[in-house]
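As structure tokens, the structure follows; a few thoughts come after it.
The values are calculated or read from the model by the stated rules, or taken from the named source; none is laboratory data. These numbers were taken from a predicted model, which means no experiment stands behind them. In this analysis, Cβ positions are derived from the backbone assuming ideal geometry, glycine residues included, and neighbour counts consider all displayed protein chains. When the accessible area is computed, the model is the full protein with side chains, heavy atoms only, and any ligands, DNA or RNA have been set aside. Shrake-Rupley method; radii C 1.70, N 1.55, O 1.52, S 1.80 Å.
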Amino acid sequence: MPHRQPLSFASSLLATACLATFLAACQTPTAPPVSTPAVRVPASMPAGCAKPAWPLDAKRHGAQGRVTLHFTVEADGKVSKAAVIRSSGYPALDEAARDALASCVFQPETLDGKPVASKVIMPYQWINE
């Protein structure tokens, strides 16, 4: 029967380190966590937002047209930075639409359930009946 010599502490430590390195190399790599896409819900205007009042002179003169507004709906739902990006052709109608918009409060856009500011483009059609 062959004679075995006891392992020294250094040999034992080396064998353990080799075994740990070998086992680490054999492990199945874990996939990186999958991130879920952000859920974005756009801003919306509540039904309670009042229509712009007709400027009297414009209505009397038969003015009508479509004005397009660009503005920011802040995280609190208030409107800021409203600007006319396409005129109706009647400055009084454009100004009335922009002024009425300033008093509206929107349901703000949400990103993963948290309200965030967003840019909005909205047309308004003036029809003189």
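Structure data summary
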read-out	value
Residue in region 94-108 that is β-branched (Val, Ile, Thr), within 26 Å of the chain's Cα centre (by Cα) and open to solvent by 40 Å² or more (accessible area, probe 1.4 Å) present	yes
Odd one out for Ser87 among (1) over 24 Å from the mean Cα position of the chain (by Cα); (2) open to solvent by 40 Å² or more (accessible area, probe 1.4 Å); (3) touching a residue at least 40 places away in the same chain (Cβ under 8 Å)	(3)
Residue in region 77-85 that is at pLDDT below 95, within 16 Å of Gln125 (Cα to Cα) and not in a strand (DSSP E or B) present	no
Members of region 109-119 found to be open to solvent by less than 50 Å² (accessible area, probe 1.4 Å) and either touching a Leu at 6+ places or on another chain (Cβ under 8 Å) or among the acidic types (Asp, Glu) (or both), listed by number	Glu109
Residues of region 107-129 that turn out to be more than 16 Å from Pro52 (Cα to Cα) and either of a type in the set (Gly, Ala, Ser) or assigned to a loop (DSSP other than H, G, I, E, B) (or both), as a count	5
